[in-house]
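Asker: Okay, handing you the structure first.
Taken together, the values in this text are just the output of simple stated rules run on the coordinates, not laboratory data. Predicted model only: the values in this text are computed from it and were never measured. Note: ideal-geometry Cβ built from the backbone for every residue, glycine included; neighbour counts use all protein chains shown.
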């Protein structure tokens, strides 16, 4: 959603990729690269917002090969990779096709969003333009906040802080999985990400998600309707993004129970 | 220069206005508004960067009338207004045509540039779009820095700090005026702003400013060639922007003497 908002000002033409549980479908990506020669392909390969999905190792290797074969540029948005609660890390696309990937990430999910500190690794010819573009947008990121971040990183505060967040979020994610299992009606499915902040709930065809959203709000339960995460209209109409990091386990349990009731009344 | 860099990403068509010591020439502005119906007119009415010029009260009133008559939008960029060393304040355009002016300013020149805190006053229909655009660009300005700025402003630190900066800069500006008067060769003129951070030096027609710039650098004196402040090429070729806030009076005196020597050798 944030990426779409950032891109929209430049009035781009979007080409959407077909996806499955392992990431973008390779044939769909190859067709897009051949047919449209896009300026870049935007991917969030690890614990993607909104679905929580992670692109598999095998799929990543094939994406990297395609990027090289078609001399295509990939923007790899990777804000959540440090928030892994189970399973093994998968290497970033950047490591597989370093000359074809702009890797971007942030301290917002692991240190503090209020500092607005992000960073990127770009191939040299693109790096030069990014510096010029950054100057045009805001001259530079707050030097004061950069100094704070440098202190935080070099002082090993991140290493000692991360286990705390991970322990906290892991328990909350588990509470959400348990509650979904316990309360959700027939015909509703969800992703089972190994990390990140979100999971993705898919309702049955024809579900009126706006009604579910409004009725949920009336009972103090909010989610983001999945349709807002699509570049083009009319997709993801029966989907919801749930966040599991904001509230404690008891609250999550009650919220999922309430949402399940609302869904049951609307299926 | 910064404004041009910010606008360039959107590939605008620029229409330049004729100006004199009182600001944009009214006929030039009216012709531009009639002929091109620009999306907005960008002005820095007080101690403009780069010239240091201030639009006169009478000229401001006529600009405000034109904006209203042609239902035109003005972006009033006003970062330097608090840095007045002589004379009387002139009211902002925003006060004269509030529905037609987006007023923008910053704490960078009076508190700390490293915080990256700016602010704006916009008519309601535009304000709504600015919020959306801001979200697209960076979600929001650092909340931490906003809290620092709020503390600074509500604690009256700005009021007590401003006289210090003003006293410091006033003396430095005077040192630069005195040195220009003492050392500059025939045929070189400059503006006499009542505030701000810059003044504008105009050399004789045909002056090779790039050579002056390179020779100046070799003798440790830098300025910004004026041509970079124009939207279209081939203008301001014999001009220089001098900053008088960075160094102490002795350094300013020596720098202007050196620059005057370089100019004399190139005229």
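Asker: Here is a list of conditions, (1) in contact (Cβ under 8 Å) with a residue 60 or more places away in the chain; (2) closer than 21 Å to residue B:1 by Cα, and residue B:264 meets all of them except one; can you say which number that is?
Answerer: (2)
Asker: Any idea which of (1) surrounded by fewer than 17 Cβ atoms within 10 Å (Cβ to Cβ); (2) under 20 Å from residue A:191 (Cβ atoms) is the one residue A:217 doesn't satisfy?
Answerer: (2)
Asker: Separate question: Across region B:8-41, which residue is farthest from the other protein chains (Cβ to nearest Cβ) among those that are out of contact with any strand residue (DSSP E or B) (no Cβ under 7 Å at 6 or more places or on another chain), surrounded by 13 or more Cβ atoms within 10 Å (Cβ to Cβ) and free of Cβ contacts under 8 Å to residues at least 12 places away in the same chain?
Answerer: Among them, the one singled out is B:31.
Asker: Restricting attention to helices (runs of 4 or more DSSP H) lying wholly within region B:118-205, give those where 1 or more residues are closer than 23 Å to residue B:6 by Cα and within 14 Å of chain A (Cβ to nearest Cβ). Let's see the steps before the verdict.
Answerer: Details: elements: B:124-138, B:143-154, B:157-183.
Of the helices (runs of 4 or more DSSP H) lying wholly inside region B:118-205, those with at least 1 residues that are closer than 23 Å to residue B:6 by Cα and within 14 Å of chain A (Cβ to nearest Cβ) span B:124-138, B:143-154.
Asker: Would you check which residues across region A:3-23 are under 21 Å from residue A:201 (Cα atoms) and in contact with a helix residue (DSSP H, G or I) (Cβ under 7 Å, 6 or more places away or on another chain) and list them?
Answerer: The answer is A:17, A:18, A:22, A:23.
Asker: Regarding region A:90-108, can at least one residue be identified that is within 14 Å of chain B (Cβ to nearest Cβ), surrounded by fewer than 17 Cβ atoms within 10 Å (Cβ to Cβ) and touching a helix residue (DSSP H, G or I) at 6+ places or on another chain (Cβ under 7 Å)?
Answerer: no
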